[in-house]
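To start, the structure under review is shown below, and the notes come after it.
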Amino acid sequence: MVCYNKKEYTPPFAMGTTIDERCDNSLEKYVINGGKPLTGEVVISGAKNVAVAMIPAALLSDTPCVLENVPDISDVRIMIHMLKKMNVDVYYKEPGVLYIDSTKMNTTKVPYELATKMRASYYFLGALLGKYNEAEVALPGGCHLGNRPIDQHLKGFEALGVQTEVKAGAIVAKSNALTGAPVFFDQVSVGATINVMLCACKAKGTTIIENVAKEPHIVDVANFLNSMGAKIKGAGTDTIKIVGVKELKGSTYSIIPDQIEAGTYMMMAAATKGDVVIKNVIPRHLDCLTAKLNEMGIGVEEGDDFIRVFYKKRPKKTMVKTLPYPGFPTDMQPLIATLLCVSEGTSTVTETIWDSRFKYTEELKKMGADIKVSGNMAMITGVDELSPAPLKATDLRAGAAMVIAGLMARGTTEIYDIFHVERGYENIVQKIKGMGGNIEKIETED
Ligand code: EPU
């Protein structure tokens, strides 16, 4: 399913376009006039965290791949730019449908500057190792959520016979012969699970990875690799078994809907006292959010591929603890916290995945939120309403939380540093406008 409004679509990287023009929103801000319930429908785009893994995964193929339902977000644009610089033939056949032909790729070095702009550039390590037995990728960037080690990725590669070292800010990885092996992760990691899977697909023999992440993204990437000829079993469980193959062939594959984007609009509907049908979702992926909203007294109805969220009365307090899938997603933590700012009583939010994911609470406090953070826990006592204030998006999901806060507060809220938000939400302004929200993206004067 393609989720573009075709009229407003501009192809990324038309001839002569530079990366700064297309991937940098640092001079723009959102201006929101809040206090109005959102109503109607919103259509969810392809999953960001799947797209940024599948684009490097496509390089493993010896023939062209086509990815469908690719979200047009700046992280994807940056990745496309990286591919172009590596002499990969990559272009949109139509909105959301990305053609990737790596037969003329002429390097195992990922452009340094671009790789530092995002976290997911680490997937080039697994993909290039799988394809060429070597890779050089800058240490990854991305949202500042505290310590973000990649030791488990490296541990997995090393088990498969890869030598790694850090040289001039980049990870340099090489193997004489990739060989399947048992890998046991000390920490459940989405990135390490996918990265080792990418590398092991072409290793000689069998790799068994234990204590892996079970997120829907893992299953989707494994399905894509299997559609190219890989032999991966167990994705979605604690153990993944991969029998290496000599070659992978191109395939056409459609990315699953973004569960975090869907969750964001679920929270937005509840927080603005609205009534919204969120379309193109896989409701099973949203079970823990649905359960939490039900528990808080928000109306939720599910269909085969949609969820309706509607306000009934002031939400009740709750307890949230982030956990790996199928637990409550850390990426939804700032979003539900924003709803809790106006819920009844005192709620607690405990973050167990990232050690610094409460920076956004300082911004919400500027709007009158009553939040006390101590270590990895926030205590949030609901206030009657939030009031508008100038805000700074501190990271991707924090920025989305501020958009929700702005839509709740009666009056004008301005949000700066929106490049964070635009890294991961396709057409957020148009989608909110489509539900009756009053939001504009404009150039900042200063
Ligand atoms: N960890 C290690 N060693 C590693 C890897 C991870 O100790 O080698 C730890 C991390 O420090 C963290 C935990 O393991 O405490 C989980 O990290 P994980 O590796 O699962 O995170 P990631 O793969 O880097 C992805 C998403 C994040 C999301 C996390 C958790 C992508 C590109 N990013 O990151 O998404 O928060 O999984 O679900 O897939 C976002 O979309 O806003 C975002 C930050």
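Tell me what the chain gives for mean residue ellipticity at 222 nm when only DSSP H runs of n ≥ 4 count, each as -39,500 (n - 2.57), the sum divided by the residue total, rounded to 500 deg cm²/dmol.
Numbers: 15 runs with 135 residues, N = 446.
Mean residue ellipticity at 222 nm (helix-derived): -8500 deg cm²/dmol.
Which ³J(HN,Hα) values in Hz, rounded to whole numbers, follow from the phi angles of the stretch 67-80 under the Karplus curve 6.51 cos²θ - 1.76 cosθ + 1.60, where θ = phi - 60° and Gly and Pro get x?
Along the stretch 67-80, the couplings run 9, 9, 6, 7, x, 8, 10, 5, 4, 5, 4, 5, 5, 4 Hz.
Using just the alpha carbons, could you tell me how many Å³ per residue the convex hull of the stretch 295-446 encloses?
Working: hull volume 19.7 nm³, N = 152.
So the per-residue Cα hull volume is 130 Å³.
Determine the dipole magnitude for the stretch 48-254: charges of +1 sit on the beta-carbon of Lys and Arg, -1 on that of Asp and Glu, nothing else is charged, the reference point is the Cα centre, and the result goes in debye to the nearest 20. Mind dumping the intermediate values first?
Working: 22 positive and 19 negative charges, 58 e Å.
Once rounded to the nearest 20, the dipole reads 280 debye.
Please give the peptides 395-405, 257-267 ranked by average Cβ packing (other Cβ atoms within 10 Å per residue), highest first, as a rough proxy for protection.
Details: 395-405: 28.6, 257-267: 27.1.
Taking the mean over residues of other Cβ atoms within 10 Å, the ranking is 395-405, 257-267.
Could you sort the peptides 216-225, 183-192, 332-341, 88-97 by per-residue average Cβ neighbour count (10 Å cutoff), highest mean leading?
Details: 216-225: 23.7, 183-192: 18.9, 332-341: 27.4, 88-97: 16.5.
Ranking, from highest mean packing down: 332-341, 216-225, 183-192, 88-97.
Residues with amide H under 5 Å of Phe184's amide H, sequence separation 5 or more or different chain, H placed in the peptide plane at 1.01 Å from N; which?
Under 5 Å from the amide H of Phe184: Glu210.
With +1 on each Lys and Arg Cβ and -1 on each Asp and Glu Cβ, how big is the dipole of the chain about its Cα centre, in debye rounded to the nearest 20? Show your work: numbers first, answer last.
Details: 50 positive and 52 negative charges, 119 e Å.
The dipole magnitude comes to about 560 debye.
Per-residue HN-Hα couplings for the stretch 431-438, Karplus 6.51 cos²θ - 1.76 cosθ + 1.60 at θ = phi - 60°, whole Hz, x for Gly and Pro?
Values per residue, Gly and Pro as x: 5, 5, 4, x, 9, x, x, 9 Hz.
Past the 27 angstrom mark, what percentage of all C-alpha to C-alpha distances in the chain do you count? Don't skip to the answer; put the middle values down first.
Working: 51045 of 99235 pairs.
So the portion of pairs separated by more than 27 Å is 51 percent.
Return the tail of the calculated pair distribution for the stretch 48-254, meaning the percent of Cα-Cα pairs more than 26 Å apart. Provide the component values of the computation, followed by the final result.
Values: 5084 of 21321 pairs.
Counting every Cα pair in the stretch 48-254, those more than 26 Å apart make up 24 percent.
Amide H of Gly40 versus every other amide H placed in the peptide plane: which residues, excluding those fewer than 5 positions away on the same chain, fall under 5 Å?
Here the answer is Asp275, Val277, since their amide H atoms fall under 5 Å of that of Gly40.
Does anything in the stretch 234-266 have its amide N under 12 Å from the 7 Å Cα→Cβ label point of Ile208, and if so which residues?
Once the point is set 7 Å along Cα→Cβ of Ile208, 239-242 turn out to lie under 12 Å by backbone N, inside the stretch 234-266.
What dipole magnitude, in Debye to the nearest 20, does the stretch 294-368 give about its Cα centre under +1 on Lys/Arg Cβ and -1 on Asp/Glu Cβ? Mind showing how you got there, number by number?
Working: 11 positive and 11 negative charges, 98 e Å.
For this selection, approximately 480 debye.
Tell me the label-point distance for the pair Met377, Asp89, using the 7 Å Cα-to-Cβ offset, in nm and rounded to one decimal.
5.9 nm
Using the charge dipole of the stretch 48-254 (Lys, Arg: +1 at Cβ; Asp, Glu: -1 at Cβ; taken about the Cα centre), state which of Leu225, Ser189, Ala173 has its Cα farthest towards the positive end.
The residue sitting farthest along the positive end of the dipole is Ala173.
May I ask you to evaluate 6.51 cos²θ - 1.76 cosθ + 1.60, the Karplus curve with θ = phi - 60°, for each residue of the stretch 338-353 and list the ³J(HN,Hα) values in order in whole Hz, giving x for glycine and proline?
Rounded to whole hertz, the list is 5, 5, 5, 4, 10, 8, 6, x, 10, 9, 10, 10, 10, 9, 10, 9.
What is the set of long-range amide H partners of Ile256 at a cut-off below 5 Å, with H atoms built 1.01 Å from backbone N?
Those qualifying (amide H under 5 Å, at least 5 residues apart or on another chain) are Ala47.
Which percent of the accessible area of the chain is formed by carbon and sulfur heavy atoms (probe 1.4 angstrom)? Could you put the intermediate results ahead of the total?
Numbers: 8560 of 17200 Å².
Its accessible area is 50 percent carbon and sulfur atoms.
Among residues other than Glu158 whose Cβ falls under 15 Å from its Cβ, what is the net charge (Lys/Arg +1, Asp/Glu -1)?
Working: positive: Lys155, Lys174; negative: Glu134, Asp151, Glu165, Asp186.
That works out to -2.
Run the numbers on the stretch 48-254 and let me know its relative contact order in percent, using alpha-carbon pairs under 8 Å that are six or more apart. Kindly include the intermediate steps, with their values, before the conclusion.
Details: 472 pairs, mean separation 42.9, N = 207.
Over the stretch 48-254, the number comes to 21 percent.
Would you mind working out the accessible area per residue for the chain, using a 1.4 Å probe, and quoting it in Å²? Numbers along the way, then the final one.
Numbers: 17200 Å² over 446 residues.
Accessible area per residue: 39 Å².
The values are calculated or read from the model by the stated rules, or taken from the named source; none is laboratory data. Only a predicted model underlies this, so the values are computations on that prediction, with no experimental measurement involved. Counting neighbours? That spans all protein chains shown, and the Cβs are built from the backbone with ideal geometry, glycine included. Areas reflect the complete protein model, heavy atoms only, side chains present, ligands, DNA and RNA absent. Shrake-Rupley method; radii C 1.70, N 1.55, O 1.52, S 1.80 Å.
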